[in-house]
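Coordinate-derived values only; no laboratory data. Please read all numbers here as calculations on a predicted model, not as lab measurements. Don't worry about glycine lacking a Cβ; one is built from the backbone with ideal geometry, like all the others, and counts go over all protein chains shown.
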Amino acid sequence: MPDVALYYDPLFLGHDTLGHPESIDRVASCLRLLEDSGVAARLARPQCRDASVAELSLVHAPSHIDFIRRVSEQGQPVWVLDDTIANAGTYAAAVRAAGAVCGATDTVTSGEYGAAFCLTRPPGHHAVTDRPMGFCFFNSVAVAARHALVNLGLERVAIVDIDIHHGNGTQDAFYQDPGVLYVSTHQYPYYPGTGHWRETGDGPGAGTTLNLPLPAGCGDAEYARCFDAVIEPKLRGYAPQLILVSAGYDAHHRDPIDGAQMRLSCAGYASLIGRVKAMADELCDGRVVVALEGGYDLTALSWGVRNSIETLLGEAITTDPVGPAPDSRSPDIEPLLTALRELHGLS
């Protein structure tokens with residue numbers, strides 16, 4: 001049986017956003033490249049399940065769950081926010097996406113698979129307890145993390161968020177919870193405006209939020225330096241029993257979302273996934289679940305996902321057609337890393 005599982009379901013195509021950047025084509029193009037390249041044939045393809053209302057309620061208010069259900073039952077497109085559209089298929093897709101990440105957490109935690117990649121949509125890390133936000137309806141990774149703590153008996157789960165945007169919903173869910181270490185690399189200042197480096201958790205969760213608010217222009221070298229100097233030492237100190245990854249590919253240098261100014265490459269993304277996998281191998285028997293968040297250039301996204309999965313498989317990555325970012329002066333992130341090391345007791 002393959003050691004890496006791919007979680008995908010056609011229901012994700014039912015969330016039709018009518019030309020919005022968070023489109024059906026995002027997962028369809030990724031799946032097409034995986035299948036055409038033969039990578040998909042080397043992956044287990046377990047059936048996805050729905051998240052139960054009880055599982056969703058580990059993070060979300062019942063009123064919010066009911067609101068998304070009722071919006072979908074209207075049967076026509078509804079702009080629930082200025083930037084976020086729902087339609088008849090949204091509730092089913094979002095419930096299945098959260099269930100897919102929970103199911104992947106089940107099988108990876110039990111040892112059935114060594115790792116999993118969840119090719120899911122809609123994304124989730126902006127969704128807060130009582131409302132949708134930023135293209136997100138249910139916070140799939142947060143739900144899976146709480147599921148691992150409450151239902152699977154784990155005591156420490158780490159979430160590593162590499163989307164260009166700060167995962168405010170995920171941070172909010174665990175800001176006072178020592179059972180989850182939340183780590184985020186994100187462009188700052190940028191949407192949604194949260195994720196300052198001094199935001200470190202509160203009460204029992206003090207010290208279990210690690211934000212790396214990076215200046216525009218950071219690329220492969222800067223992200224690697226973040227892992228070397230701060231993220232990997234923090235993970236070692238926390239010793240998670242499972243690592244979940246909110247994998248947003250919108251920090252790629254080709255991403256078209258307004259304001260996105262990061263310079264990661266597909267190979268750079270694969271390197272980050274490889275670093276997380278190495279940490280999981282060292283700390284928690286290799287247990288890692290990767291779930292798709294953002295990423296809106298279809299070529300960069302598809303190849304970033306392919307290269308990430310090749311890395312999970314332990315294979316050499318295939319050279320992507322986009323290539324590295326054009327040469328540019330790199331920002332100096334050392335003062336930020338020094339401050340973070342001191343703040344988190346890593347120096």
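Only loop residues by DSSP count here, and only those with at most 14 other Cβ atoms within 10 Å; note down the trypsin sites (Lys or Arg not before Pro) in the range 136-235 that meet that.
Arg198
Suppose we keep just the DSSP beta bridges with both residues in the chain; what percent of those would be antiparallel, to 5? Before the final figure, lay out the partial values.
On the way: 5 of 37 bridges.
That works out to approximately 15 percent antiparallel.
Considering only DSSP beta bridges with both partners in the range 1-157, what is the antiparallel share in %, to the nearest 5?
Once the DSSP bridges in the range 1-157 are tallied, antiparallel ones form about 50 percent.
Across every pair of different alpha-carbon atoms, what Kirkwood hydrodynamic radius in Å does the chain reach?
Numbers: mean 1/r = 0.0511 Å⁻¹.
The answer is 19.6 Å.
In whole Hz, what ³J(HN,Hα) sequence does the range 21-28 give by Karplus (6.51, -1.76, 1.60; θ = phi - 60°), x for Gly and Pro?
x, 7, 10, 3, 4, 4, 7, 5
Per residue of the range 144-149, what does 6.51 cos²θ - 1.76 cosθ + 1.60 with θ = phi - 60° give for ³J(HN,Hα)? Whole Hz please, x for Gly and Pro, Karplus curve as stated.
Rounded to whole hertz, the list is 5, 5, 5, 4, 5, 6.
Shape verdict for the range 204-324, please, from the Cα gyration tensor: rounded (a/c under 1.5), prolate (a/b greater than b/c) or oblate.
oblate
Check which residues have an amide H placed less than 5 Å from Arg263's amide H, if you skip close sequence neighbours.
Those lying under 5 Å, H to H, from Arg263 are Gly217, Cys218, Gly219.
Considering the chain as a Gaussian network with a 10 Å cut-off on Cα pairs, which listed residue, Val39, Val101, Val183, attains the greatest mean-square fluctuation?
Maximum fluctuation in the GNM of the chain, among the listed residues, is at Val39.
Search the structure for amide H atoms under 5 Å from the amide H of Leu181, placed 1.01 Å from N in the peptide plane, and list their residues when 5 or more places away or on another chain.
Residues meeting the amide H criterion: Val157, Ala158, Ile159.
How would Arg306, Arg121 line up from fewest to most surrounding beta-carbon atoms within 10 angstrom?
Numbers: Arg306 22, Arg121 29.
In increasing order of surrounding Cβ atoms, one gets Arg306, Arg121.
Can you give the three extents of the C-alpha atoms in the range 259-343 along their principal axes, from longest to shortest, in whole Å?
35, 35, 22 Å, listed from the longest principal axis down.
Antiparallel as a % of all DSSP beta bridges within the range 98-237, to the nearest 5?
The antiparallel fraction comes to roughly 15 percent.
Using the Karplus equation 6.51 cos²θ - 1.76 cosθ + 1.60 (θ = phi - 60°), what ³J(HN,Hα) coupling, rounded to whole Hz, does each residue of the range 115-129 give in order, writing x for Gly and Pro?
7, 9, 10, 9, 8, 10, 7, x, x, x, 6, 8, 5, 9, 3
Please report, to one decimal in angstroms, the Kirkwood hydrodynamic radius of the range 122-266 built from all distinct Cα-Cα pairs.
Numbers: mean 1/r = 0.0660 Å⁻¹.
Hydrodynamic radius (Kirkwood, Cα only) of the range 122-266 equals 15.2 Å.
With a 10 Å Cβ neighbour count serving as the proxy for reagent exposure, in which order, fewest first, do Val27, Val180 appear?
Val27, Val180
Once R0 is set to 35 Å, what does the formula 1/(1 + (r/R0)^6) return for the Cβ-Cβ distance between Asp83 and Ser347, expressed as a FRET efficiency to the nearest 0.05?
Using R0 = 35 Å, I get an efficiency of 0.30.
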